[in-house]
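Visitor: Right, I'll just put the structure down here and ask away after.
The values are calculated or read from the model by the stated rules, or taken from the named source; none is laboratory data. Worth saying up front: this structure is predicted, and the values here are computed from it rather than measured. As a convention, Cβ positions derive from the backbone with ideal geometry for all residues, glycine included, and neighbour counts pool all protein chains shown.
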Amino acid sequence: MSFGTTRLLAVLVALNADVRYTVLDEPFSNIMPVHNDIVTETINEVKGRKGILLSDHQYRTVLSVCDKLYLIVDKSIKLLGSPEELVTYNYLSDGTVI
């Protein structure tokens, strides 16, 4: 299997594991864009029965699956009230379309 396919399989196994929480570090990295859709669909299917904590720089994809959005800023964790705060805290450049 290719690296991307192996990565996709690992993410899907983790998401479908019978556990209370799953932690994913950059689950959308190194997989094909079409596979991002599979991962987001799976996250949306399982998030009702388990907690999912994920970190990823692909913020648009993260926004499509998250219920709460946190950002690490100045050595602290901020719960964001809206995606626009990604600009407020300089994670995204001013004028970025969210």
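Visitor: Looking at D67, D74, can you tell me which residue is at pLDDT below 95 and farther than 19 Å from N30 by Cα?
Guide: Values: D67 fails: at pLDDT below 95.
Being at pLDDT below 95 and farther than 19 Å from N30 by Cα holds for just one of D67, D74, which is D74.
Visitor: Please go through region 12-22 and pick out each residue that is of a type in the set (V, I, T) and outside any loop (DSSP other than H, G, I, E, B).
Guide: Step one: of region 12-22, the residues of a type in the set (V, I, T) are 13, 19, 22.
Those that are of a type in the set (V, I, T) and outside any loop (DSSP other than H, G, I, E, B): V13, T22.
Visitor: Quick one: N30 ticks every box in (1) polar (S, T, N, Q); (2) at pLDDT below 95; (3) farther than 26 Å from G4 by Cβ except a single one, so which number is it?
Guide: Just one mismatch for N30, condition (3).
Visitor: Hey, does region 32-55 have a residue that's surrounded by 15 or more Cβ atoms within 10 Å (Cβ to Cβ) and within 19 Å of K78 (Cα to Cα)?
Guide: Yes; the residues of region 32-55 include at least one that is surrounded by 15 or more Cβ atoms within 10 Å (Cβ to Cβ) and within 19 Å of K78 (Cα to Cα).
The rows are residues; the columns are (1) outside any loop (DSSP other than H, G, I, E, B); (2) under 19 Å from L9 (Cβ atoms); (3) of a type outside the set (A, V, I, L, M).
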| residue | (1), (2), (3) |
| --- | --- |
| L24 | yes, yes, no |
| F28 | no, yes, yes |
| D37 | yes, yes, yes |
| L53 | yes, no, no |
| R60 | yes, no, yes |
| D67 | no, no, yes |
| L79 | yes, no, no |
| L92 | no, no, no |
| T96 | no, no, yes |
